[in-house]
Amino acid sequence: MRDERMDADDPLRALADALDVEPSPGFGAQARQRIDADRGARRRTRRYAMAIIVPAAAIALVVVWAAHRPSDVQPRAVSSHAEVVPQSAPPHPVAPTTEDLAAERSATAVVARTRESRMRDEGRRGSPRAFRNESQAFAAVPVVVPRGQLEGVRQLASAAASGRVRIGPPLADWAAGVQPEATPLQAPDPLRVPALSVEPLAN
Amino acid sequence: MRPWPAGRVVSAEDRVRDLDDRLAESSALAVRVAFSVLRNHADAEDVAQEAFVRASRRLGALRDRDRFRAWLVRLTWRMAIDWQRSGRRRGTREDAVARLAPQHGNAEVDVAARERAARLWQAIDALPERLRLVLVLAAIDGHTTREVAALAGVAEGTVKSRLFEARRRLQEQLR
């Protein structure tokens, strides 16, 4: 501010003299050392952060992916209407192989034998009251149909025809209306069986 | 301006040299700005070095050397004030009084000079920060109004009015 310099008793002049300090000789070298140390520390921090963040992010991604992975079966609670969960893949257009059927059978918990059928097997007969009770209980017996497989219902009907299991009228009527050669695609609404409790199989 | 032309690949040696150049040309300025707040040489150097450390992190963004100096000045000023408030001062502020009132051997004269120096610093401390920064920058290195404006990041007219106001207040207090 030499162009606006004040006279000798101006405080600015005194201040200028007081502030005329010089850095000590080692100032630059010390500053340099601190800058280098700071850079090293920041580099290390970055490296550690990457070592922690990258695996953590990968794990988080896997967890999120696993949590949102599309599932083949979306279980639904079905009460009065039989409803089978839609398949993620379209039904197989050709007849299932023996292995498919075996796998299906193993995956199908066929209707538990009713008490009446057990009694019949054992040569006993229940009282009318007991039979009525069992008939009421019958409607609540869960029928487990393999995922989208008409074949499973056919087997159920077949088992009922052979007397091994008993099925209620709605399913029996429905099963009777299904043409033996019908494929799941051709059958009229094959997977909707009223008045039966049907649960889709868990995966 | 930046010593490297656009598009040139800058080597690590270039960066080191550039930083050294900036250290050499701005060290005194940073130390003086810090000293104006802390009034202690060791503390002022500490703060100035810390300011350089922080400035070095932003070298890429502060290519223009004039902008770098202005940024460094304001950073140093701010850090010095924070340093002073945080109670990290290692020494007393006697350094500054002693610089204004060097010992002459005559006890009476020395005491009077020290009192005057102490009053001056008190008056400077009493100034609002915006006036104090302009006053200090004007006192350092004989900066012109334009240079002070560039360093403080304000308009030239603002510098003039602030300087006028600072001097008026100082003279009032020292009267």
From A:39, A:2, residue being within 7 Å of chain B (Cβ to nearest Cβ) and either modelled with pLDDT under 85 or within 30 Å of residue B:37 (Cα to Cα) (or both): A:2
Restricting the search to the stretch B:140-155, which residues are modelled with pLDDT of 90 or more, within 12 Å of chain A (Cβ to nearest Cβ) and loosely packed, with under 14 Cβ neighbours inside 10 Å? B:146
Of the conditions (1) more than 7 Å from chain B (Cβ to nearest Cβ); (2) modelled with pLDDT of 90 or more, the single one that residue A:26 does not satisfy is (2)
Given (1) outside any helix (DSSP H, G or I); (2) at pLDDT 80 or above; (3) over 18 Å from the mean Cα position of the chain (by Cα), number of the condition residue B:118 does not satisfy: (1)
So which residues in the stretch B:37-85 are acidic (Asp, Glu) and either under 24 Å from residue B:135 (Cβ atoms) or open to solvent by less than 10 Å² (accessible area, probe 1.4 Å) (or both), if there are any at all? B:43, B:45, B:46, B:50, B:66, B:82
At pLDDT below 90, within 12 Å of chain B (Cβ to nearest Cβ) and surrounded by fewer than 10 Cβ atoms within 10 Å (Cβ to Cβ): is that true of residue A:17 in this structure? no
Please verify whether residue A:86 is away from every other protein chain (no Cβ under 14 Å), modelled with pLDDT of 85 or more and surrounded by 10 or more Cβ atoms within 10 Å (Cβ to Cβ), treating the condition exactly as stated. no
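Residue-wise test of (1) β-branched (Val, Ile, Thr); (2) within 9 Å of chain A (Cβ to nearest Cβ); (3) touching a residue at least 40 places away in the same chain (Cβ under 8 Å); (4) not in a helix (DSSP H, G or I).
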{"position": "B:29", "(1), (2), (3), (4)": "no, no, yes, no"}
{"position": "B:45", "(1), (2), (3), (4)": "no, yes, no, no"}
{"position": "B:49", "(1), (2), (3), (4)": "no, yes, no, no"}
{"position": "B:54", "(1), (2), (3), (4)": "no, yes, no, no"}
{"position": "B:59", "(1), (2), (3), (4)": "no, no, yes, yes"}
{"position": "B:62", "(1), (2), (3), (4)": "no, no, no, yes"}
{"position": "B:68", "(1), (2), (3), (4)": "no, no, yes, no"}
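The values are calculated or read from the model by the stated rules, or taken from the named source; none is laboratory data. Bear in mind the structure is a predicted one, so any value in this text is a computation, not a measurement. Cβ: placed from backbone, ideal geometry, glycine included. Neighbour counts: every protein chain shown. With ligands, DNA and RNA removed, areas are computed over all heavy atoms of the protein, side chains included. Shrake-Rupley method; radii C 1.70, N 1.55, O 1.52, S 1.80 Å.
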